[in-house]
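The values are calculated or read from the model by the stated rules, or taken from the named source; none is laboratory data. Since this is a predicted model, take the numbers as computed values, not measurements. Every residue, glycine among them, receives a Cβ derived from its backbone with ideal geometry; neighbour counts consider all protein chains shown.
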Amino acid sequence: MTVEDPRAGRIPPALIGILVATVPVVAVCAFLAGRHDRALPAEAASPEAQHARLEPVAYVATPQTPVAGGAAHFKRGHAVYDETCSACHESGVAGAPKLGDKAAWGPRIAQGFPTLVHHAVFGFQGKDGIMPPKGGGGWDDVEVARAVAWMTSRAGGSFAEPDSVPK
């Protein structure tokens, strides 16, 4: 007479535990694997949409930073230049045109103030160098425009410091 083992043909509990823990993880990974390579819709890839996604969710008003509610609260172009822009535009880092260099600024000034401000606010990469958005600072667009006006005036430009961002 043969006696059969009652455990024969059963799946060991440890293996069931491993499967229960592994299968959901694999399913989630498989689901997420295809989500990153989808193309953005055209409206989400526009510079304005990118700018909106990169905007801070809040601003903290301190005595040193501007408060929303009027151009009078924003810093002047020279102050913005001194605090951020001078880091590159004094020495020409990353192809930045040096302050007062009419030969380097001339073709840029010829593009017009709105174009220069757009490049300064959203960033720009040209054949001669790169301009990070807002110079890497946390400035309001009006403050960036004022800094552009101030810098270009040192190289022959005649743009007045604005109270709003040019269109």
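For segment 66-167, which helices (runs of 4 or more DSSP H) that fit wholly inside it have 2 or more residues that are hydrophobic (A, V, I, L, M, F, W, C) and closer than 19 Å to PRO47 by Cα? Steps first, please.
Values: elements: 77-80, 86-89, 102-110, 113-122, 141-153.
In segment 66-167, 113-122, 141-153 are the helices (runs of 4 or more DSSP H) which contain 2 or more residues that are hydrophobic (A, V, I, L, M, F, W, C) and closer than 19 Å to PRO47 by Cα.
Scanning segment 95-148 for residues that are of a type in the set (Lys, Arg), touching an Asp or Glu at 6+ places or on another chain (Cβ under 8 Å) and surrounded by fewer than 18 Cβ atoms within 10 Å (Cβ to Cβ) returns a single hit, LYS98.
To keep it simple, each residue is scored yes or no on (1) at positive phi; (2) touching a residue at least 24 places away in the same chain (Cβ under 8 Å); (3) of a type in the set (Lys, Arg).
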site	(1), (2), (3)
ARG76	no, yes, yes
GLU83	no, yes, no
SER91	no, no, no
GLY112	yes, no, no
LEU116	no, yes, no
PRO133	no, yes, no
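Scanning segment 151-167 for residues that are at pLDDT 90 or above and of a type in the set (Val, Ile, Thr) yields a single hit, THR152.
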